[in-house]
Amino acid sequence: MAEEVFYAGIDVGTSYIKVVIINRKNEIKGYYVERLSSDLQKSINIAFKKALDMANISKSLINHITSTGFGRENISFKDGVKTEISCHAKGAFNYFPKKITVIDIGGQDTKIIKTDKEGKIIGFKMNRKCAAGTGSFLEEIAFKLNIPLNKINAIALKSNKDTSLGSYCTVFASTEILTRIKEGEKVEDMIKSAFESVVKRVIEMDTLEGNIVLTGGVIKYNNLILKILEKRAKVKIYTPPNPQLIGAYGAALFAKEAKD
Amino acid sequence: MTEPHIFGMFCPFCRDCLAQGLKNRYDYLDGLMIAQSCLHIRQAYTSWIKHRPVEFDKFLCMPHKVQSPHAYEFLTEEYKVFKNEIEEWTGKKINDKDLENSIKIYNENRRLMRELYNLRKRDNPPITGEEVMEIVIAMQMMDKAEHNKMLKEILTKLKNHTPDRQVGSRLMILGSEDDDTVFMNMVENCGATFVIDDHCTGSRYFWNEVENGKDKLASIAARYIDRIPCPSKDWEERKRIPHILNLCKEWNVDGVIIMQQKFCDPHELDFVAIKKALEDAGIPTLFLEFDVTVPIGQFKIRVEAFLEMIGEEDLF
C-alpha cells in the first residue's frame, strides 16, 4: 500500500490564520486557528505545526501547500497561491455541490460569491473601502461596551426586541449604542441591533440567488447572524461544519488538484 | 483644500484639479479654458479662475446634446467666437492655412496612435497597457509635432518587437479620466495585459480624425460632435456601447475592468447598461471605484480573483 499523502491549505486572514490538512478523500485530518500577531511568520509557523500535530503527520507527507487570504504571499513554504474568493467558493461548493451564493463574513471584509451548478464562479462582490458589516464592526462594539467578544452572541440571544441602528458606520454605531444604553435601552437589544446592522449591510451588497451558504469566522461564533439573515432574506441558509475553515479548506482542495 | 469651494461629492478628479490650481502648481499658465463636459469640472474651473485669475480665460460652450442636428452649426459658431478671442488676446491672426496645418499635425498624431493601438491586437502585444497610458498622457501635455516624431520612432521599434513576458488574460479598461499607471502596473503583474481602453483620457481622446473640409472650423466642430461620446453626451441613441463591444471583439478581449471615478454620476449610470451588454456578449466585468488615491491592496485581491475567474473559463 502506498504511503498516504496529504494536502494543506493556509488562509492568512485579516484576523486569524486558518490551516487545514486534508487527505486524498478530501477529509479534514488536521486544522488549527491562530490569532494574527505582529509576528506574522511566527503565527503562521505555529498554526501549521499545530495542524500537523493534530493530523499526526510530518511536513514531508504534505504533497502541496496552497495559500490564500490577505497574507497569502507571506507564507515562505507555500507551493501555490489562490485568492480567497476562489477558495471560499471551492470549499463551500464541496459541501453544497449546486448553484450557490456564498456569503463570507470575515474579520475585515465581507464577500458575496456566486457559482453556477458546476461550481464555476460567475461573479463576486466585496465590501469597498469600509469595514462596516464585518467582524471588525462587532469587535469594536464589544470593545466599546467592555464585553468579551465571545459573549456577545449569548447576550444578544436574550433580546426579544426589534430595533435597529441609524448608521452602518462603526464609529457612529458604537456612539449611538452607548447613548441609547444611557437612555435606558437594554444591552442585549443594542447588541442584537449591531448584528442586525451586519446582516442589513450584507443584504444590500448583492442579490442573493440559489442556495445561500454562510461562511467565515463571524458565523462560527455568532450563530444569531444566521437566524437574522434567514428572517430578513426569507430563505433557508446553509452553513458548513466549521465555517471558519472554509477558505483554508478550499485552498487545500486546490492544493490537491494541483498535484492530481 | 477644495472643500470651501466645491462640493465634497464632486468627483475626486476635479477636486484634485482645483486643489492643484489653488496651490499655485500651475502658476506658469497664462490662460485657462474649458469646454462643457460636466458640472463638476465646470465648477472646479469657475472656482479656479475666481481664486487664481489668469490673463485669458474661456468657457467654451460645447453643446450637450451632440445628437441635435443644430449641434454642428452651433459649435462652429462658438469656435468662431473663440478664434476671435484668441486672436485678440495674442494679437495674431489665425488663417485657414494655420488651421489646415494644425489639423494635419493633429490628425497625424491620431493616426499614429491608432497604429500603436493596432499593434496591441497581436497575440503578444509589443507594449503594455501601462506604457500606452504613459504615451497617451504625454500626448495630451506635449507639443503634438514632437509627440508625432517620438511616436514614429516607437512604432518602428515595436513593429518587430516580441516582448518576453506572459500576456495572460487580455483585458480592456474603461471609464472616464484615468492616469493611474500604478494600478495598470499592478494588474499587468498579476497575469494580464491591457490590450485596449475606452477612457476619455485614452482612446476616446484621439479615436476619430478631423475631415479636412473647406470650412476648417466646421470640420473641427464636426469631429468633436461625431467623436465617441462620453456618457453625459451619449443620448438619445446610445452609441458608446456598440463601440465598446466592437473594441472587445477586434482586440480579442477576455474581460473588462470598469474604473469608476467616485461620484461620477454619468459613468455610474452608464455602467449598468455597459455591464449588461458585455455580459450578454459573454465578457466578464470587474467594477472598481477609485478615488485619487487607489487602495492598491484591496484592488489587487479583486483583480486576482477576477483573473482566476476568467482563467477558469478558459478551461471550457
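The values are calculated or read from the model by the stated rules, or taken from the named source; none is laboratory data. The model shown is predicted, which means the values in this text are computed figures rather than measured ones. Don't worry about glycine lacking a Cβ; one is built from the backbone with ideal geometry, like all the others, and counts go over all protein chains shown.
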Practice prompt. Just need a number here: residues in segment A:53-77 that are surrounded by 20 or more Cβ atoms within 10 Å (Cβ to Cβ) and within 22 Å of the chain's Cα centre (by Cα).
Written response: 8
Fill in: Selection within segment B:145-171 - more than 24 Å from residue B:105 (Cα to Cα) and touching a helix residue (DSSP H, G or I) at 6+ places or on another chain (Cβ under 6 Å)
B:169
Practice prompt. Evaluate the following for residue A:76: is it outside any helix (DSSP H, G or I), modelled with pLDDT of 95 or more and more than 10 Å from chain B (Cβ to nearest Cβ)?
Written response: no
Worksheet item: Among the residues of segment B:256-273, which ones are within 17 Å of the chain's Cα centre (by Cα) and either touching a residue at least 60 places away in the same chain (Cβ under 8 Å) or under 23 Å from residue B:181 (Cα atoms) (or both)?
Response: B:256, B:257, B:258, B:259, B:260, B:261, B:262, B:264, B:266, B:267, B:268, B:271
Worksheet item: If we keep just the residues of segment B:289-298 that are more than 9 Å from chain A (Cβ to nearest Cβ) and touching a residue at least 24 places away in the same chain (Cβ under 8 Å), which is surrounded by the most Cβ atoms within 10 Å (Cβ to Cβ)?
Response: B:290
Worksheet, complete the sentence: Flagged in segment A:35-73 as among the small types (Gly, Ala, Ser), out of contact with any Asp or Glu (no Cβ under 7 Å at 6 or more places or on another chain) and either over 19 Å from residue B:311 (Cβ atoms) or within 11 Å of chain B (Cβ to nearest Cβ) (or both), in numbering order, are A:37, A:38, A:51, A:55, A:58, A:60, A:71
Worksheet item: Of the conditions (1) away from chain A (no Cβ under 14 Å); (2) in contact with a Cys (Cβ under 8 Å, 6 or more places away or on another chain); (3) in contact (Cβ under 8 Å) with a residue 60 or more places away in the chain; (4) over 30 Å from residue B:39 (Cα atoms), residue B:253 fails just one. Which one is it?
Response: (2)
Worksheet item: Residues of segment B:131-149 being closer than 18 Å to residue B:193 by Cα and more than 14 Å from the chain's Cα centre (by Cα), which ones?
Response: B:131
Discussion item. Based on this model, can you work out whether residue B:228 counts as under 17 Å from the mean Cα position of the chain (by Cα) and either part of a helix (DSSP H, G or I) or crowded, with 17+ Cβ neighbours inside 10 Å (or both)?
Written reply: yes
Worksheet entry | Subset tally (residues that are of a type in the set (S, T, N, Q) and either modelled with pLDDT under 95 or within 20 Å of the chain's Cα centre (by Cα) (or both)) for segment B:97-130 | 4
Item to complete: Pull up segment B:283-298, narrow it to residues that are in contact with a Phe, Trp or Tyr (Cβ under 8 Å, 6 or more places away or on another chain) and either of a type in the set (Phe, Trp, Tyr) or assigned to a helix (DSSP H, G or I) (or both), then point me to the one that is nearest to residue B:186 (Cα to Cα).
Response: B:296
Practice prompt. Tell me the strands (runs of 3 or more DSSP E) entirely within segment A:1-55 that contain at least 2 residues that are under 22 Å from residue B:298 (Cα atoms).
Written response: A:6-12, A:16-22
Worksheet item: Any idea which residue in segment A:88-124 is surrounded by the fewest Cβ atoms within 10 Å (Cβ to Cβ), counting only those that are among the small types (Gly, Ala, Ser) and more than 17 Å from residue A:204 (Cβ to Cβ)?
Response: A:119
Worksheet item: When residue A:212 is evaluated against the numbered criteria (1) modelled with pLDDT under 95; (2) under 28 Å from residue A:88 (Cα atoms), which criterion, by number, is the only one it fails?
Response: (1)
Worksheet, complete the sentence: Residue hits (segment A:94-150; on the phi > 0 side of the Ramachandran plot and away from chain B (no Cβ under 14 Å)) are A:133, A:146
Discussion item. With closer than 23 Å to residue B:310 by Cβ, part of a loop (DSSP other than H, G, I, E, B) and touching a Phe, Trp or Tyr at 6+ places or on another chain (Cβ under 9 Å) as the only criterion, which of A:91, A:119 stands out?
Written reply: A:119
Response to the item:
Filtering segment B:176-212 down to residues that are assigned to a strand (DSSP E or B) and within 20 Å of residue B:304 (Cβ to Cβ) yields B:192, B:193, B:194, B:195
Item to complete: For segment A:168-180, name all the residues that are over 15 Å from residue A:136 (Cα atoms) and touching a residue at least 24 places away in the same chain (Cβ under 8 Å).
Response: A:177, A:178
Item to complete: From the list B:244, B:274, B:301, pick out the single residue that is at the interface with chain A (Cβ under 10 Å from one of its Cβ atoms) and assigned to a helix (DSSP H, G or I).
Response: B:301
Item to complete: Go through segment B:34-88 and give me each residue that's outside any helix (DSSP H, G or I) and among the hydroxyl-bearing types (Ser, Thr, Tyr).
Response: B:37, B:68
Fill in: Residues of segment A:202-229 that turn out to be within 16 Å of the chain's Cα centre (by Cα), in contact (Cβ under 8 Å) with a residue 24 or more places away in the chain and more than 21 Å from residue A:120 (Cα to Cα), as a count
11
